[in-house]
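Structure record follows, encoded as structure tokens.
The values are calculated or read from the model by the stated rules, or taken from the named source; none is laboratory data. Just so we're clear, the structure is a prediction, and the values are computed from it rather than from any experiment. When we count neighbours, we look across all protein chains shown, and the Cβ atoms used for this are built from the backbone with ideal geometry, even at glycine. Please note that ligands, DNA and RNA were not included when accessible areas were found on the heavy atoms of the full protein model with its side chains. Shrake-Rupley method; radii C 1.70, N 1.55, O 1.52, S 1.80 Å.
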Amino acid sequence: MRKALKLLGLALLGIVLIAGGAAAYIAATGIPSYAPGHVKLEVDVTPERVARGRRSAQMLCVACHLDTNTGKLSGHRMPDLPPQFGVAVSANITQDKDTGIGAWTDGEIAYLLRTGITRDGRYTPPWMVKLPNLADEDLKDIIAFLRSDDPLVQAVKGKPASSEPSFFTKFLCRVAFKPLPWPAQPIPRPDANDPVAVGRYLVDAHAQCFACHSVDFAKNDDLRPERSAGHLGGGNPMPDMLGRKVVTSNITFHAETGLGKWSEDEFVRALRFGVRPDRSVLVYPMVPYPELTDGEARAIYAYLRTVPQIDNAVARPPVQAVTGGEAGRAAYYRYACNTCHGDTGLGAFDLRNGARNYPTDDGLIAYIRHPEQFKPGVKMPTWDGVIADEDYPPLAAYVRKLCAEPLRPSP
């Protein structure tokens, strides 16, 4: 008996030593690298491709890679990464040949976007979107945009600081998050005459809605999104620009906890312009998708109606109350402007240009009411009918005050 217990103890000690050694190895070596792929691809940079690629980039790339200091996709620290993944810094994807992707081939860019592997074999962490199911033509459009003369991608020299992935991220990159295979067959766009197919493609392949609206990033299935845990049932905790936890919404059509009572028109308005049926607005990290056409938004509605319903009640984030002091500041927080613009006006979206472009209060207020009429494709919700009329003047004055103060780093 004693001999058996001694052997058991030695076995347990061995397991502990092996586990400890494995943990030390993972912590020291970080995210693994792989053999780089070699894909022959040359993309024609046509005006039509660039326009479509810019639209895709607005949905997939700009939010993470746009540096408000340069006004270009030169990378920055991503403050809204869930803390368990560590510190993420997006890459410079401008056309600079030394610190951006100007020296990359079309095939190398395509291979990265499909598989997650860079031209030198590094595996990009899980916060970098992978597009294994994106149609070949849409992939080419993105590459054409990156090669274009669009101001967002013009060369800016500068390499952002390195990311600092957590041990959890390093571990997941050994056991769960791994490079995705290059497609064995061509991937066509869906049949434009099949709304459900178009909606499925947008949700699960193109706009990547499933990634945030399923239950957990670590349990997503990038190759087969519909197999992701809690597919589209929400419940994924994500921080906003202030570090507060915002749980993603249930967008299945469950009658009580999802979208089951929303009409098609109500859904389209919320998705494209950020206003819910109760006239409240979407809050960051969810933003409107004005890039989508009316028909595409209706196709997403049609697809979501076919998704298995999940009963998952998700509470909305509380509004940060501000009492006393300036009426404009109180309005700024009451309407959750800070969730996108931060406490200083320089958050995920820089509001300084709005005040500069509209030097009168009447002009600024008109823009806040209907930003989409002034700047098609803007991510700002349509506030008309949401902000009380008496709140507009003090809010505009407070926005101007923020813009007049010395710039501070965004939170």
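Rolling a 1.4 Å probe over the protein heavy atoms gives the chain an accessible area of 49 Å² per residue. Over region 216-298, Cα pairs under 8 Å with separation of 6+ residues give a relative contact order of 18 percent. Mean separation of Cα pairs under 8 Å and 6 or more residues apart, divided by the residue count, gives the chain a relative contact order of 13 percent. Per the Debye calculation on region 38-104 with a single equal scatterer at every Cα and no solvent contribution, log₁₀ I(q)/I(0) for q = 0.19 Å⁻¹ amounts to -0.90. The accessible-area ordering, largest first, of the residues Asp240, Asp384, Asp389 stands as Asp389, Asp384, Asp240, per a 1.4 angstrom probe.
Listed highest first by mean packing, meaning other Cβ atoms within 10 Å per residue, what order do 118-127, 258-267, 134-143 come in?
On the way: 118-127: 17.7, 258-267: 16.1, 134-143: 20.5.
Averaged packing, sorted descending, gives the order 134-143, 118-127, 258-267.
What do you get for the angle between helix 264-273 and the principal long axis of the chain? Use alpha-carbon atoms, 0 to 90 degrees, nearest ten. Roughly 90 degrees, rounded to the nearest 10.
Normalised by the residues of region 94-173, what does the relative contact order come to in percent, with Cα pairs under 8 Å and at least six apart? Spell out each step's value before the answer.
Numbers: 78 pairs, mean separation 30.6, N = 80.
In percent, rounded to a whole number, it is 38.
For region 134-279, which whole-number percentage of the solvent-accessible area (1.4 Å probe, protein heavy atoms only) is attributable to carbon and sulfur atoms? Let's see the in-between values first.
Values: 3650 of 6750 Å².
Using a 1.4 Å probe with all protein chains present, region 134-279 comes out at 54 percent carbon and sulfur.
I'd like the carbon and sulfur percentage of the solvent accessible area for region 63-122, probe radius 1.4 Å, heavy atoms only, ligands and nucleic acids excluded. About 50 percent, which is the carbon plus sulfur part of the accessible surface.
Taking 29 Å as the limit for the C-alpha separation, the pairs Lys157/Lys219; Lys130/Lys157; Lys40/Lys170; Lys157/Lys401 exceed it in the case of Lys157/Lys219; Lys40/Lys170; Lys157/Lys401. Placing unit charges on the Cβ atoms only, positive for Lys and Arg and negative for Asp and Glu, gives region 108-258 a dipole magnitude near 700 debye about its Cα centre. Dipole orientation for the chain: of the candidates Pro188, Leu60, Phe167, Phe167 has the Cα lying most toward the positive pole (charges on Cβ; Lys, Arg +1; Asp, Glu -1). Computed over the chain, the alpha-carbon pair-distance distribution with 20 angstrom bins reads 24, 56, 17, 3, 0, each value a whole percent.
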